[in-house]
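The values are calculated or read from the model by the stated rules, or taken from the named source; none is laboratory data. Model, not experiment: these values are computed from the prediction. No Cβ is skipped: glycine too gets one built from the backbone with ideal geometry, and neighbour counts run over all protein chains shown. SASA here: full protein model, heavy atoms, side chains in, ligands and nucleic acids out. Shrake-Rupley method; radii C 1.70, N 1.55, O 1.52, S 1.80 Å.
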Amino acid sequence: VTSRLVVLFGEERIPMEPTPPTEPQRRDFLKGAATVGIGGLLALPPGVAALQVVLDPLQRGGESSLIAVTLLDGLPADGLPRRFTLVCDRVDAWNRCAGVPIGAIFLRRTGPRAVQAFNVVCPHLGCSVEALPDGAFLCPCHNSRFDAQGRIDRSGGGAVPSPRDLDALETALEETPEGTVVRVRFQNFRAGIPEKIPDS
Ligand code: FES
């Protein structure tokens, strides 16, 4: 997924020589990223999972800054996961990626002020896992099962082809006048190996 993201950036890059950003311009870009993130999620009607994401093009491997995903109160208190699609929406001197899906995450509430986030990509061969009604996860490609905490579930007795647990993502909570915002650092990781290594 990450390599596809890199290709998309390459294909969509503005074909003229971009002017290297000055440091004040870069600060403005990053400040703008945070503003768009919170503004975008507050503009979403309840239940809408899509959001706008702004990638920092100076970071490698498709890693984003901690992006605003939703308000904490918007997550079910029962711990069931909600899926959020991440859509890049940025046109600037570095890239043009408006409307390009860059990935998806599951986000679940694990306590009054605690959340857990997973990349939806299966660590086996990269299919998207699905959430089951009981909060567990299943990969439809080769039937890897994961419990609600994202751990490999071997209780069914069959082989689990995934070499590792679901890839958890860093989260943070931020107090704002609008409420507690859940932020997630979106990242992809290499598939097919036991180690959780960021894709680059
Ligand atoms: S890609 Fe998920 S089990 Fe194979």
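Considering the stretch 179-199, the residues that are more than 19 Å from ILE105 (Cβ to Cβ) and open to solvent by 30 Å² or more (accessible area, probe 1.4 Å) include one that is farthest from the ligand (Cβ to nearest atom), namely GLU195. As for the stretch 134-151, it holds no residue that is on the phi > 0 side of the Ramachandran plot, open to solvent by 30 Å² or more (accessible area, probe 1.4 Å), more than 10 Å from the ligand (Cβ to nearest atom) and free of Cβ contacts under 8 Å to residues at least 40 places away in the same chain. Among residues of the stretch 159-187 that are within 13 Å of VAL69 (Cβ to Cβ), those with a Cβ under 9 angstrom from a residue that is within 16 Å of the ligand (Cβ to nearest atom) and of a type in the set (A, V, I, L, M, F, W, C), sequence gap 6+ or separate chain, pair up as LEU169/PHE118.
Quick grid of which residues meet (1) of a type outside the set (Gly, Ala, Ser); (2) over 19 Å from the mean Cα position of the chain (by Cα); (3) within 14 Å of the ligand (Cβ to nearest atom):
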site	(1), (2), (3)
ILE102	yes, no, no
ARG113	yes, yes, no
GLN116	yes, no, no
GLU130	yes, no, yes
ARG154	yes, yes, yes
